[in-house]
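Undergrad: There's a structure below that I have some questions on.
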Amino acid sequence: AQKVTQAQTEISVVEKEDVTLDCVYETRDTTYYLFWYKQPPSGELVFLIRRNSFDEQNEISGRYSWNFQKSTSSFNFTITASQVVDSAVYFCALRDDYKLSFGAGTTVTVRA
Amino acid sequence: DTEVTQTPKHLVMGMTNKKSLKCEQHMGHRAMYWYKQKAKKPPELMFVYSYEKLSINESVPSRFSPECPNSSLLNLHLHALQPEDSALYLCASSQDPGQGVRHEQYFGPGTRLTVT
């Protein structure tokens, strides 16, 4: 069964637009951890954020913000005032046992 | 410093060749991982090393052979690969495998492997 669903395959925006990436997860555990990773064309997966299941506070880091809603099993990611350098594939991931379960990824293209 | 390094960046090998991929981290992490990533797909876990011992093998074919010589190094030995094994191979590490669930994994830049 798919644990992490990223329904948006591709999103294309013009620079300075905001973009929100959706992530819905599924787990039976009460303790689990959610992550977002960015994969630019160079290939390296860059860790962006970790959130545990007991902490539903939203977080902001510069132009990035995350909205964790346990009631809807969602952990959405917003890039405010997007820039060309934000173009990448973004993966949401769930860790509830020994392994990371990645979503299929959302490709974000920011046009100048 | 959250750097994981991998060599080589690119590798082309024939189906009869033997080659190795190398991964190194100096963050004091005790868990290390190999992932395989096909184009336009998420990474798939292959192996997990915990305190230098193989703890997880995700039913990977024996033509892939991992090795962890010490806490900083992780190798992946390749032999008799098939063209469908062509992919990006990513190495990752995390702080403490015993409590590893909460610790984020840091990834290297990957080795892009082509099997001809």
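Read-outs: derived from the displayed coordinates by stated rules, not from any lab. All values reported here derive from a predicted model rather than from experimental measurement. No Cβ is skipped: glycine too gets one built from the backbone with ideal geometry, and neighbour counts run over all protein chains shown.
Undergrad: Which of the trypsin sites (Lys or Arg not before Pro) found in the range B:19-116 are loop residues per DSSP with 11 or fewer other Cβ atoms within 10 Å of their Cβ?
TA: Qualifying residues, ordered by number: B:40.
Undergrad: Which three numbers, in whole Å and largest first, are the semi-axes of the equivalent ellipsoid of the protein assembly as shown derived from its Cα gyration tensor as √(5λ)?
TA: 30, 21, 15
Undergrad: Would you order B:27, B:13 from fewest to most other beta-carbon atoms within 10 Å of each residue's own beta-carbon?
TA: If I rank by nearby Cβ atoms, fewest first, I get B:27, B:13.
Undergrad: Report the FRET efficiency, 1/(1 + (r/R0)^6), for residue B:65 and residue A:30, where r is their Cβ-Cβ distance and R0 is 41 Å, rounded to 0.05.
TA: 0.60
Undergrad: Quick one: net charge of residue A:63's neighbours, Cβ under 14 Å, K/R +1, D/E -1?
TA: Residues close to residue A:63 contribute a combined charge of -3.
Undergrad: Then there's this: I'd like the distance between the alpha-carbon centres of the range A:40-82 and the range B:1-37, rounded to an integer number of Å.
TA: 27 Å
Undergrad: Evaluate E = 1/(1 + (r/R0)^6) for residue B:73 and residue B:44, where r is the Cβ-Cβ distance and R0 equals 30 Å; express this FRET efficiency to the nearest 0.05.
TA: Efficiency computed from Cβ-Cβ geometry: 0.85.
Undergrad: Which Cys residues of the protein assembly as shown have no other Cys beta carbon under 4.7 Å away?
TA: That list is B:68.
Undergrad: From the alpha carbon gyration tensor of chain B, can you work out the equivalent ellipsoid semi-axes (sqrt of 5 times each eigenvalue) and give them in Å, largest to smallest?
TA: For chain B, the ellipsoid semi-axes come out as 23, 14, 13 Å.
Undergrad: Counting only C-alpha contacts under 8 Å and six or more residues apart, can you give the relative contact order of chain A as a whole percent?
TA: This gives 39 percent for chain A.
Undergrad: At 25 °C and 0.890 mPa s, what whole-number value in µm²/s does Stokes-Einstein give for the translational diffusion of the range A:29-112, with Rh from the Kirkwood sum over Cα pairs?
TA: 181 µm²/s
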